[in-house]
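Below: the structure, in structure tokens.
The values are calculated or read from the model by the stated rules, or taken from the named source; none is laboratory data. On a predicted model such as this, the values are computed, not experimentally measured, just so you know. With ideal geometry, Cβ positions are generated from the backbone for all residues, glycine too; neighbour counts draw on all protein chains shown.
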Amino acid sequence: MTDTFFESADLAERLRSDLEAAAYSVPTLTALWGDEAERALHRNQRVPALRQLSRQPASAAVTLARLFVLGCNVTREALNAALPSLGVAGAQQLELIAAAGDSIRPLKDLRPYSFIDATGAGSWWIVSDLGELTRPGALDEDHVLGVGGASLSLAGLMGPGPVESVLDLGTGCGIQALHASRHAKRVVATDISARALDLARLNAALNGVTTIEFRHGSLYEPVAGERFDQIVSNPPFVITPRRPGVPAYEYRDGGLVGDEIVRRVLVGSAEHLTPGGTVQMLANWEYRSGEAGLDRVASWLTEDAGEALDAWVIEREVQSPEEYAETWIRDGGTREGTERFDELYDAWCDDFAERGVLQVGFGYVWLRRRTNLDTPLWNRSERLLSPPGHNDTGLGAHMAACVAAHDRQAGATNAELAATALLVAGDVTQEQHHWPGSEDPTAIILRQGGGFGRSIPVDTALAALVGACDGELTVGAIAGALAQLLDVGEDELAAQLLPRVRDLIDDGILVYPSDGPASQRSQR
């Protein structure tokens with residue numbers, strides 16, 4: 001390590017001490033400006049928070065919030081009082097601020113971040129470049145993002161561990177590497193952006209995390225020949241026209257054409273996972289003339305990756321080329337109604353038209369390196385039309401449970417499954433619709449409160465089977481009783497129901513009892 005790093009680490013420790021003394025935390029800031037102002041900040045409106053802070057007595061937290069969250073200048077005296085250990089000079093060395101006489105202006109965003117994951121509640125401070133709330137105009141091409149919606153989605157998607165090693169590919173400000181450090185003994189974080197790695201190192205040091213190794217380079221080049229138990233990635237997947245004058249933002253543009261960078265991350269993971277190792281990542285994929293997006297991803301995984309990977313691909317949204325262009329031009333800080341916006345819009349539309357792109361899908365990808373090539377390949381692709389359910393710690397724990405349940409049911413014969421007792425998950429409710437005056441329902445829907453918030457239509461027989469799954473009666477016993485009640489053949493009904501039961505296990509609607517029926521029923 002260089003002397004510069006040791007110096008920065010010392011400064012980071014002094015900054016951490018000051019932030020702790022100032023109680024610079026999410027609860028503190030929310031208490032200072034209130035819930036309404038907090039919601040306005042999420043809409044990139046800072047005036048309500050500024051108005052509320054103007055009514056508060058002077059304090060270190062108020063000074064830091066005005067400077068680093070709201071982007072306002074403060075006095076030298078106020079900042080020295082807020083950061084007594086680091087001081088203005090130390091903040092300048094860390095390139096957090098610029099000073100002109102008595103006036104201090106922010107160069108970086110520095111804010112508290114709170115979360116809950118499978119390990120429990122936690123909080124950090126995260127340094128990143130100033131966002132659109134505090135700086136006008138287009139972003140610099142080497143801009144480093146802070147914690148946003150995509151970061152939160154991936155953090156929630158991350159498998160809960162514990163594992164020996166994690167690769168965070170495209171670490172950015174380092175937020176995913178920090179999350180991974182809570183359940184992994186060793187984390188390697190890579191990025192093509194040297195500035196991003198500098199800020200990620202600072203964030204690790206600021207939060208006292210010492211188990212992350214940072215490496216510079218593109219895709220898997222920095223980890224050639226190495227394997228990991230888990231890979232997490234929010235790669236720079238944004239489809240950007242390869243044309244002069246179109247900015248190539250390092251945080252979102254991998255420099256390749258179309259969705260090629262997503263293909264390379266997916267396919268390349270097979271050579272960098274330990275047997276049974278997993279990938280959780282965000283991605284987008286193109287719908288081209290004659291090729292649906294999810295089919296395109298499936299072909300990468302089965303053909304290009306050599307069927308080494310089990311996969312679960314979840315499409316959350318599909319955009320037209322026009323919607324996609326508007327989203328990412330605005331993301332770069334260029335506003336509608338300007339000549340520059342129109343120039344970029346034309347470039348995006350020309351690129352999509354030339355390559356026959358009709359739509360772009362967004363979603364989540366979960367992969368696993370197979371340990372037994374004799375077992376059937378699991379390649380599940382689906383489009384979810386409803387928002388996810390309520391998941392306190394994110395979707396990762398739910399997905400891990402569904403994968404484990406899938407493995408168990410896929411390894412069981414129909415006879416073994418019929419001899420198994422299952423339980424209705426505690427977050428599942430049943431909804432029935434009737435025509436007025438009719439006793440028989442016209443529709444029966446199982447609704448999932450957590451997980452992916454699925455709404456699953458079922459027929460009367462399947463609804464009755466699900467309702468009887470109490471963790472004690474076997475699936476076969478329930479099906480046999482239903483066959484007598486419905487006056488149908490037991491084998492015929494079992495053949496109809498068992499494939500649907502397997503699907504409901506995969507979706508987390510039916511679960512294998514763990515602590516017994518009472519503990520599960522108490523959740524409902």
Which listed residue is surrounded by fewer than 21 Cβ atoms within 10 Å (Cβ to Cβ), in contact (Cβ under 8 Å) with a residue 12 or more places away in the chain, in contact with a strand residue (DSSP E or B) (Cβ under 6 Å, 6 or more places away or on another chain) and among the polar types (S, T, N, Q), from 278, 274, 302: 274
Taking region 252-296 as the region of interest, how many residues are hydroxyl-bearing (Ser, Thr, Tyr) and closer than 21 Å to residue 241 by Cβ? 2
Do any helices (runs of 4 or more DSSP H) entirely within region 290-376 hold 1 or more residues that are touching a Leu at 6+ places or on another chain (Cβ under 7 Å), and if so, which? 321-331
For residue 443, state whether it is without any contact (Cβ under 8 Å) to a residue 40 or more places away in the chain, of a type outside the set (S, T, N, Q) and either over 13 Å from residue 509 (Cα atoms) or surrounded by 20 or more Cβ atoms within 10 Å (Cβ to Cβ) (or both). yes
Please work out if residue 265 is within 24 Å of residue 368 (Cα to Cα), in contact with a helix residue (DSSP H, G or I) (Cβ under 9 Å, 6 or more places away or on another chain) and in contact (Cβ under 8 Å) with a residue 24 or more places away in the chain. no
Of the residues that make up region 327-342, is at least one among the hydrophobic types (A, V, I, L, M, F, W, C) and either assigned by TED's automatic domain parsing to the domain that holds residue 502 or within 30 Å of residue 220 (Cα to Cα) (or both)? yes
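From 465, 482, which residue is assigned to a helix (DSSP H, G or I) and farther than 23 Å from residue 426 by Cβ?
482
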Region 326-352: number of residues that are in contact with a strand residue (DSSP E or B) (Cβ under 9 Å, 6 or more places away or on another chain) and closer than 12 Å to residue 241 by Cα: 2
Counting only residues that are more than 27 Å from residue 388 (Cα to Cα) and over 18 Å from the mean Cα position of the chain (by Cα), region 105-162 contains a total of 25
Output the residue which, of all residues in region 173-218 that are over 22 Å from residue 91 (Cβ atoms) and small (Gly, Ala, Ser), is surrounded by the fewest Cβ atoms within 10 Å (Cβ to Cβ). 217
For residue 425, state whether it is surrounded by 19 or more Cβ atoms within 10 Å (Cβ to Cβ), more than 25 Å from residue 385 (Cβ to Cβ) and touching a residue at least 40 places away in the same chain (Cβ under 8 Å). no
Would you mind finding the one in 198, 140, 117 that is touching a strand residue (DSSP E or B) at 6+ places or on another chain (Cβ under 8 Å) and either assigned by TED's automatic domain parsing to the domain that holds residue 27 or of a type in the set (Asp, Glu) (or both)? 140
Within region 474-495, residues within 24 Å of residue 513 (Cβ to Cβ), touching a residue at least 12 places away in the same chain (Cβ under 8 Å) and exposed (fewer than 15 other Cβ atoms within 10 Å of the Cβ) come out as none
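So which residues in region 195-220 are touching a residue at least 12 places away in the same chain (Cβ under 8 Å) and part of a helix (DSSP H, G or I), if there are any at all?
Result: 195, 196, 197, 199, 200, 201, 202, 203, 204, 205, 206.
Give region 33-51 a look and list any residue that's touching a Cys at 6+ places or on another chain (Cβ under 9 Å) and touching a residue at least 40 places away in the same chain (Cβ under 8 Å), or say none.
46
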Could you identify the single residue in 431, 416 that is at pLDDT 95 or above and among the charged types (D, E, K, R)? 416
